[in-house]
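Worksheet for the structure shown next.
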Amino acid sequence: MRRIGLDVLVIGAGLLGAGSALAADLYVPVPEHAAMPESTPWNDCYVGLPISRTAGDTLSRAPLSDYSSPLEGFPVGLQAGCDFKTASSSPLLLGIVADVFGNGPSGESDPIPVAPGIDALSASSVPWFGTLRGRIGLSLDNTLFYLTAGLAVAQVNNEVSTTTFAGETVFNTHVGWVAGAGIEQKLDENWGIFAEYAYYDLGAQDYTYSAPLTVGTLELHPTFHQIKVGVNYHF
């Protein structure tokens, strides 16, 4: 009987060991949840509200004398654009942005002698202007540094009056260029604040006035600097 009992114990131990080995072979590890990649900052589109300060002048070549009129103001605008990462792991990006501003800069020249005892005054204003620009940027986490340049279009009004004539206003559409640089800081996934500097050269256009003004045709060439700050909504 003792012999039989030992045999039973040995057989039972062997079956237990075999069962454990089989269970180990059948074990399938539960896969861990793969971490979802975070969204790449700056690879998106946006709309924004910039406010600005402008300062410059309108250079004029006149038949009797050259002069300039200051251009100063606080334009407010709207902008929209998209940025594209050159690679998901690269800090470089390329983008395109368009904007339009109202309440543009304006100013009046000093008196311009046009005849004995007769002075003329020239007042320039830019009711609206806009740009279509490319930009290249360097992103460092939630901060973006960028350069931008492109096409600038504006309406320029110029009024000339003299001590003997009430005045006449002529307007033209100017097409020129703009270039600048800026920085934007994202506050969260959607909102960002930015600051930007831009220089505008709107090109030269001829403005022709009627005979009573005795100034004939003027060539006006507006240029100005702009400092912008604002907020963007990214999506």
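The values are calculated or read from the model by the stated rules, or taken from the named source; none is laboratory data. Being a predicted model, the structure only gives us computed values, none of them experimental. Cβ sites come from the backbone with ideal geometry, for glycine too, and all protein chains shown count toward neighbours. The area values use the complete protein model at the heavy-atom level, side chains included, leaving out ligands, DNA and RNA. Shrake-Rupley method; radii C 1.70, N 1.55, O 1.52, S 1.80 Å.
Within the range 174-210, how many residues are over 25 Å from residue 227 (Cβ atoms) and assigned to a strand (DSSP E or B)? Summing the residues that are over 25 Å from residue 227 (Cβ atoms) and assigned to a strand (DSSP E or B) in the range 174-210 gives 4.
Suppose the filter is part of a strand (DSSP E or B), under 26 Å from the mean Cα position of the chain (by Cα), among the aliphatic types (A, V, I, L, M) and crowded, with 16+ Cβ neighbours inside 10 Å; does residue 160 pass it? Taking the combined requirement at face value, the residue does not satisfy it. Residue 230 falls short on exactly one of the conditions (1) of a type outside the set (Lys, Arg); (2) closer than 26 Å to residue 78 by Cβ; (3) surrounded by fewer than 16 Cβ atoms within 10 Å (Cβ to Cβ), and that condition is (3). Here 97, 30, 47, 8 are screened, and the one residue that is surrounded by fewer than 18 Cβ atoms within 10 Å (Cβ to Cβ), hydrophobic (A, V, I, L, M, F, W, C), modelled with pLDDT of 75 or more and farther than 30 Å from residue 209 by Cα is 47. Touching a Lys or Arg at 6+ places or on another chain (Cβ under 6 Å) and modelled with pLDDT of 95 or more: is that true of residue 146 in this structure? Judged against the criteria, residue 146 is a match. Counting just the residues of the range 164-193 that are touching a Leu at 6+ places or on another chain (Cβ under 7 Å), open to solvent by 40 Å² or more (accessible area, probe 1.4 Å) and not aliphatic (A, V, I, L, M), which one comes out farthest from residue 43 (Cα to Cα)? The extreme case among them is 165. The residues on offer are 208, 217, 169, and the sole one that is touching a strand residue (DSSP E or B) at 6+ places or on another chain (Cβ under 6 Å), among the β-branched types (Val, Ile, Thr), in contact (Cβ under 8 Å) with a residue 60 or more places away in the chain and closer than 20 Å to residue 67 by Cβ is 217.
The single residue among 54, 131, 86 that is modelled with pLDDT under 95 and of a type in the set (Ser, Thr, Tyr) turns out to be 86.
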